[in-house]
Structures are given as structure tokens and as C-alpha cells.
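For reference, the structure is listed below as C-alpha cells.
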Amino acid sequence: MLFVLLLAPAAFLLLFFYFPLGSVLVGGLTDRSGRFSLAVITSLLGDPYYLRIIGFTVWQAILSTLLSVLMGLPGAYLLARYDFRGKRLIQALTTVPFVLPSIIVVLGFVRFFGNNGILNRFLMSLFGLSEPPLRILYSLQAILLAHAFYNFPVVVRIVSSLWRRIHPSTEEAARSLGAHGLRLFWRVTLPQILPALLSAAALVFIFCLLSFAIVLVLGGGPRYTTLEVEVYRLAKVSLDLKTGSALALVGAMISLLFLYAYIKLQQRSSFAERMTEEVERPRLGSMLGSLRGVVYLLYLLFMALVILAPMITVVAYSFQLRSGWGQQAISLEWYRRILSGGPYLRAVANSLFFACMTMLLSLPLGTILAYVGARSRFAGGRVVEAVMMLPIGISSIILGLGYLKAYQQLPWRIVGSWYAIVFAHTVIAYPFVIRVASATFRKIKSSLAEAASSLGAGPWRLFWYLELPLARSALITGAAFAFGISVGEINASLMLYNERLITIPVMVYRLIGSYNFIGACAMGSVLMLFCFLAFLIIDRAGGEVG
Amino acid sequence: MYKTRSNRLSRLLAASVALAALFAAATVAATPVAETEAQLVIYAYDSFVSEWGPAPLVIPKFEELHDTNVEIISVGDAGQVLNRAILEKDHPKADIILGIDNNMLSRALEEGVLQSYRSSNLDAIPEQLIFDRSYAVTPFDYGYFAFVYDSEALENPPKSLEQLTDPRFRKRIIVQDPRTSSPGLGFLLWTIAVYGEQYLEYWKRLQPNLLTITDGWDTAYGMFTSGEAPMVLSYTTSPAYHVEYEQTERYRALLFKEGNYLQIEGMGILKGAPHPGMARKFIDFILTEEFQSEIPLTNWMYPVNPEVPTPDSFRFAPKPEGSLQLPAEEIRKNRDRWINAWVKQVSR
């Protein structure tokens, strides 16, 4: 029965992922006469330049992942174990960085953390300094900080969506036996949340692996170059598709390797346990007097600085009339233009439409695949699971090229249709749903299912009334990310859109290309607002959070 | 109890279906009624097609002139325009590709995607701007790469490429990466045009003065106007934008003693174009005043037709005495070697 369930997703992926991808990648695996050959790939792997880039790409991704996990874990704990006023708002707000185009993030970072940014200006005027005291940007730490800014919400949301469902009885038992603090966390709590933690880490890792503009600009130049920069150069500038595909293939192999290792690790570390509908949570407000409460508060303040400050900086910039700094009148000019309709509003409507459709498609797709992955017992399951995750490990530049190349001979134009964009977004988004959902499906104790079966529930009823509701919180998180990925996607959209299908990130890209940085920030602010609202609606419709 | 939870998920699904339908309706409502079949299809880079680019002004003029229907499609940046033409070589869907510059020319000719057409209107265009003697690509505008500086943050700006390496400008310059950006490539070629094979020595001296090297022009310029550095690699025409739309003269372009590097942009007719006749009419059209007069304030370049006057703000878009250029053939042969050696140098 599981295999019947797989037919529809398999057909979809074959048509809209593997076929277009294959049509490009085949170039990297053949020689000039079209015969199979590994020559291009082996010559890449023998080149010290590329080896160094591959090494750095993996290294920065590991560091960024560690930092994102360290920063996100306390947040996940707070969301899972405490109730506080505005929790829903904070959860929606912290997810917003995830959707921002990298150019907006760079501008936000430069204007806040930069040598001439708000932070340095404030410190200089405070202490009467003539030189900026904080040199944060143009270094490896700036890359890590920006990656943490992007990926922190991934960790917070994925981990807390599992954490809130784990019954605290085990922790209570351990506490009554004398385990406290770090020891309790290390021995009892961590093993329980590990599957979700690994899921989040794997997604963050792959995102950082594909990072490109952030690394180059905030790192300070080519000293810090990732694989994606070279893929971009070969596929879009040098127009050397053959080497470009070969390099993309190498990147995909690295992702696959790590995905496989992680899925193995996740399976080994998962143990099924009692899941609850909701856990009783104390209110955070009642703890503010204690030391613990103060620590929590400091953490929240620090997060606000890292997460909110760059975003607020972008919003503030959007109200300026001219570029630069200085005494400026506040102006609503760009908002007036955006609201006056035309292409701006169309971009907003299109983006939201694509995002809803992407969510609708990737939710069932990801859920089915995650369910089958978690329940099947056959030997090659891990490999299949890793391969299913491949879309996020593939550069969206290559995917876009694949769509252009693969469908050009069809009698009707797929490129330039709304569904081409939705399908491309779905392909990029559904692995998120899989990862979040499978961490939860693996945790559901099989005795629950057995009890239900013995009471006469068939597999469908079991799934619909028992397993699906327990995975609800994870699916909501997956849906939110699918929405976010679609709204923020630019590379594939840029290749597939036309005037009628313009999206918000494409509009931002256009505004910046015509000197309209303030307009771009205004459009970026609109993007943030709509995503914030959408995340609130998704959470509320799914009944998420206290 | 379980039932209600499941219903919540269905509710989420229902809500998103409803929302999607709503946006679809909004999208359809915002779209003009179905257009008739296009009689000319153009692939162009995005900023040409955008609301602030030349397309919304020049395309309607052409449509009216020839009572026809033009579809102009944005396919990303100039590199992608050529890329798309190469991908679709066997089944061309467009008639014209727009955005082939002097640095990309040899690649386009090598791929053999274009057909020759010499418009008689070329007679009015200065010889040195007609950069393709096989007439596969016809020029429509040109410009110069230049360093732009913020006069409120920098006194005594450099007067030459060499002076850019002065220790006074430590960490005060932003440039772009030639691997991913066309001004970035232009600057690399500029240094090669001036210093020949010794260009890496120059970069070694310049490096302490670079704050960062960005992936594209947009990021670099955004950082510059945010005051992160007082100098950025851009075009001689950039200050005209600030004069025209922000009424400020604080940003100025620098003309260098060695000369500034020239960029000429053109377009060409694809082999196997579905509408070759109309395509030739369009090539004729781009050299006329109708088209040329819109170029300065929308594409921020100089018109190739010398008869066409430039707007007043272009007083702040100075033209250099001497311009530099490398032969297309030399670029094709050496580009990858130059860039690779450059990456090694600046990665130190």
C-alpha cells in the first residue's frame, strides 16, 4: 500500500525535478562526443583551486550550522516550555528573516553593523570616538552572523515543534532521581529532541552550503568563495554549462553525502516515545524575578539585536527620500507608489499566490514521502530518503536552467507559465516538509498504532485520526517554511517569469538595478509585513502555539 | 478530540485554497486582456525591460510606427540573454537578443547564434562605436566604467588608476567580482589594458584599499550610498541619476589619467528568427532619435547617435578624453586565464 501512495509524488518529481535536472547535469557527465565520461569531474577534483573552495564551503557551512543551533536551541526551549504574551507574534517575527532576499540582508547588515552603520555611529557619538570601534563585517565572523540570522528560525521552529509534543514525564522522573541542569539536558532532554535537532541542522547546513552573495560580500571578497559562486560564474557568466553542471554535480554529491550520514544518524538516535497533544507550560512572566528569568531576558534581548535590528534598519531606510545618511525628512513616497497599484501590487499578489500554491503542493508531497520514509523497512530506504532531499542541495540556478533546457521542445510553453514557477518552488520547498515531518513520525510510539489497529482502525483511519494530528505542529512548521521559501525564491523565478508573473524578490532586484535602493527597501518591508501576517495566519489556522 | 485536530489541518488547507484563489483572481484582474500574437519577440536584460528601463517608452513607439505587436521578455542579466539564445539555438523562440557588449561579442560570434544585418542607419554612427564589423551585433548605446566618489566623505579624490593604490584610501574602495559581475569584469580588463600582463602587481598594491569585493554592481552601489566606503566602481553616468532624481550633486564620477574603460552595448538578430523582416525594422529603429533619446535617463548610457542631445543632468556624466578597450578576440582567448590568476592574487 505504501508504494501505491508513492506513485503521485514520484511522477511529479520525475517530471519536474529529475528530468529537467538530468537534462542539464548530463553535460557534466559526458565528453564532447556525448559519451559518458567522468573527465570533467575528475579534472575539477584535481584542481587545487576547486579543492580549496570545496573545503572552505563545507567548513563555513559546519561553523554556521553550529552557531545557528547554539543560538536557536534556547529559543526553541522557551517556545516549547513556556507561555508568554506575544509568543505567537515572536514566533512569526523570527521566521521572517528566512524569506529575505540576500541583497536586502546585506543592506540591512551593512547599515546596522557596518563601519558606518547605526551601531558604530551610536558608539562613536557616545564615547566621542573618531574611528568606528566595532569591525564586525568583512570577516568570517560576519558570514557566520548573517547565516545565523537567516537560519536561526529554522532551528527554533523545527526543534520547538517536536519539543512541545514530548511528554515531560521522562524529564520529571530524571529530576526526581537527582538529575539537574546540564546533566539533565545532556542525558535526558537532548536524546529526546535529537531527531528534530538533526533535521534542523541538516537543513541549515545545506542552506549554508549553497550560500553565495552573503559569503562573498560580508566575508570581504574572493578570499571567502563558496562552490555556488563558481557555479554561478560558469553557468551564467562564462556560459560554460558543461563545467558548471559538473561542479553542480560535485556540490550535489557533497550534499547527498552529508544527508545520508545525517539520516543514518537520525535513525540511530530516534526512539519512539509517548507524544502528547500539548504539554502544560508555565508562564514566563512569573519567572522574571529569578536569576533564570533574567538569563532568559538577556537571551531575548541579544536575539532582538541580531534578528530584529537589521530588519528594522531596512524598514527605517524605506522611509527616506534620498540615499545616504544625514538629516532627512520622513517620506511615504515609495509606499504611495506601491499602493498606487500597477506592477508593485501585481508582484505582491503573484508572490502570495505562488506561495499558497507551493504550500498546497509541497505539504501533501512532503508528508507522504516523510510518512513512507519513516514507516518503510526496506534496506535501501536511507539512500532513497537522501535522494528525495536532493532538491535543496541543488543550486536553483541549475534547476532554472534545467527547466529552460528540458521543456523547450514541447509544443506549449511551460516556461513563462505560472505553474512552472509553482512547480520549481515546490521542488525547492518540499524537502523542508519531509524533514520536519519525518522527525515527528519517527517519534510516534508504535504501540499507539497497534492499540488503534486492535480496536479496528484501518491504516487510513490510523493515519488521519492518530498520526497526522500528532504531526500537526511539525506540518504547520513545514507549511510555513514552504510558504517562506516560495516567497523569497529568486534564482529560478528570474529565469522562469515574465511581466505578468513578476514576484516581490524580482521586483526588489529590479529596483536595486535601477538605483532605487529605497524603493527596494520599501518593497522588502512589504515582503516582511506580508510574510509576518502569513506566518501568523498559518499558525492560527493550524491551531499552533498556546 | 482527535477529530478536531484533524479538522484544524483541513482548515489550514481550506484557508490556503481560498487565499490562493483570491490571489489568482487578483492576478488575473490586474493582467491586461489577452494580447494578440506577437509579431516580434525580443530577449532583453531585466533592467531594460523594467518600469524604469527604456522598454516601456520605446516599445510602444515602435508598435505604433509599424502597427505591430512586440513581446519583450526579460531573461535576467545580459549574460543570461546570450545563454538563453545558445540554449534555444535549435528552436529559436525569439527574433532579437539585446545586451551583447564588446566584452561578450566574441562569445556570441563563436556560438554562431546571430545573423548579419547592416542597417543603413549605421552611416550616422561614429566608426569607433561600430564594434562588430561582421554586423551581427548593432550598437545602441555606450558608457564608461568609472569610480564614483562621495564628495562629502572624501577630499582630494584620486586622479589616476595608479593613485587608487595610495595608502590614504585604505579600505575605502568597493569593487565587484569579475567572476559574477560585468562592471567587475570591465575593471579587470581595464587594469589589463593599462598594465598589460603586470596587472596582478597592480592588484597587489590595490588590495589593501579594497573594503570588499561584491558579487554584483547593485550590492556595491547600495553599500556605497549607505556610506560604507566613499568610492565605488560604477559608471560615469551614475552621478547624473542623483542629480536627476535626488537633486544632489554630492556623488561625482572620476575620469582617470590612463583613460576609462569603454563598454558598448548592442543587439542582434537570431539565426532562424521567426520574424526576420520585423526584426530588421527594429534594428533600423534603434538607431533613430525615437529610440536613442530615451536611452540616457532610462538605461543610464550615452546614445550612439551623436545627433541626439543628452539631458541637462548629464553634465555630471563626464566623458573621458581617452577610452580604453581590449580586442574582443584577445578577451575570448585569455579571459579565463586572467580571471583565474586574479582570483589567486586577491585570495591571498
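Quick look at the numbers
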item: DSSP-defined beta bridges in chain B - what % are antiparallel, rounded to 5; result: 60
item: Amide H partners (placed H, <5 Å) of residue B:214, local residues excluded; result: B:175, B:176, B:177
item: Shielding by partners, peptide A:198-208 (average Cβ within 10 angstrom, other chains); result: 0
item: Between segment B:249-327 and segment A:465-519, the Cα center-to-center distance that results, in Å; result: 36
item: 18 Å cut-off, amide nitrogen to a point 7 angstrom out along residue B:345 Cα→Cβ, residues in segment B:199-219; result: B:199-214
item: HN-Hα J in Hz across segment A:230-239 - Karplus 6.51, -1.76, 1.60, θ = phi - 60°, x for Gly and Pro; result: 6, 4, 4, 4, 5, 7, 10, 10, 6, 6
item: Cα→Cβ-extended label distance, 7 Å offset, between residue B:66 and residue A:8, nm; result: 4.8
item: Backbone HN-Hα couplings from phi across segment A:304-321 [Karplus 6.51/-1.76/1.60, Hz, Gly and Pro as x]; result: 4, 4, 6, 8, 7, 4, x, 5, 4, 4, 5, 4, 4, 4, 5, 8, 7, 9
item: Pairwise FRET efficiency - residue A:253 versus residue A:15, Cβ, R0 = 25 Å, nearest 0.05; result: 0.60
item: Cβ-based net charge around residue A:195, under 9 Å, with every Lys or Arg adding one and every Asp or Glu removing one; result: +2
item: Distance from segment B:118-148 to segment A:108-163 (C-alpha centre basis), Å; result: 46
item: Other-chain or far-sequence residues with amide H under 5 Å of residue B:72's (modelled H); result: B:42
item: Net charge contributed by nearby residues that have their C-beta within less than 13 Å of residue B:191 (K/R +1, D/E -1); result: -2
item: Label zone at residue A:240 (point 7 Å along Cα-to-Cβ), backbone N below 16 Å, segment A:36-58; result: A:39-54
item: Peptide A:210-219, shielding by other chains (average Cβ, 10 Å cutoff); result: 4
item: Shape category assigned to segment A:252-360 from the gyration tensor of Cα positions, a/c cut at 1.5; result: oblate
item: Table column - 3J(HN,Hα) (Hz), segment A:346-363, Karplus curve with 6.51, -1.76, 1.60, x for Gly and Pro; result: 5, 4, 5, 4, 4, 4, 5, 5, 4, 5, 5, 5, 4, 4, 4, 7, 7, 5
item: At least 27 Å along the helix axis (C-alpha) and Kyte average at least -1.0, DSSP helices within chain B; result: B:2-30
item: Residue-span extension gain [residue A:269 to residue A:529] - 0.36 nm each, minus C-alpha spacing; result: 89.7 nm
item: Nonlocal amide H pairs with residue B:266, under 5 Å, H built at 1.01 Å; result: B:99, B:100, B:101, B:140
item: Rounded Å value of the spacing that divides the Cα centres of segment A:342-400 and segment B:177-214; result: 41
item: Ordering of B:164-174, B:72-82 by burial proxy (mean other Cβ atoms within 10 Å per residue, highest first); result: B:72-82, B:164-174
item: Projected label distance in nm at residue A:298 and residue A:38, using a 7 Å step from Cα toward the beta-carbon; result: 5.3
item: Virtual spin-label span in nm between residue A:139 and residue B:91, 7 Å along Cα→Cβ; result: 5.4
item: Stretch gain in nm, segment residue A:447-residue A:261, where the contour uses 0.36 nm per residue and the Cα spacing is subtracted; result: 64.1 nm
item: Value at 222 nm in deg cm²/dmol, rounded to 500, when DSSP H runs of n ≥ 4 in chain A each add -39,500 (n - 2.57); result: -21500 deg cm²/dmol
item: Prolate/oblate/rounded label for segment A:487-546 (Cα gyration tensor, a/c 1.5); result: oblate
item: Proximal lysine pairs, chain A, alpha carbons under 29 Å, eight or more residues apart or interchain; result: 5
item: Surrounding net charge for residue B:244, when Lys and Arg each add one and Asp and Glu each subtract one, Cβ distance under 12 Å; result: -2
item: Linear extension gain, residue B:128 paired with residue B:319, 0.36 nm per residue minus alpha-carbon span; result: 67.3 nm
item: Given chain A, longest segment not containing exposed loop trypsin sites (Lys or Arg not before Pro) (DSSP; at most 12 other Cβ within 10 Å); result: A:86-376
item: Cα-based Rg of chain B normalised by 2.2 N^0.38 Å, two decimals; result: 1.14
item: Translational diffusion coefficient (Stokes-Einstein; Kirkwood radius from C-alpha pairs) of chain A at 4 °C, 1.567 mPa s, in µm²/s; result: 53
item: Computed FRET value (nearest 0.05) for residue A:121 with residue A:175, which takes r as the C-beta separation and R₀ as 56 Å; result: 0.70
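Values quoted throughout were computed directly from the atomic coordinates according to the rules given, and no laboratory measurement underlies them. Computed from a predicted structure; not experimentally measured. Ideal geometry is used to build each Cβ from the backbone, glycine not excepted, and the neighbour counts take in all protein chains shown.
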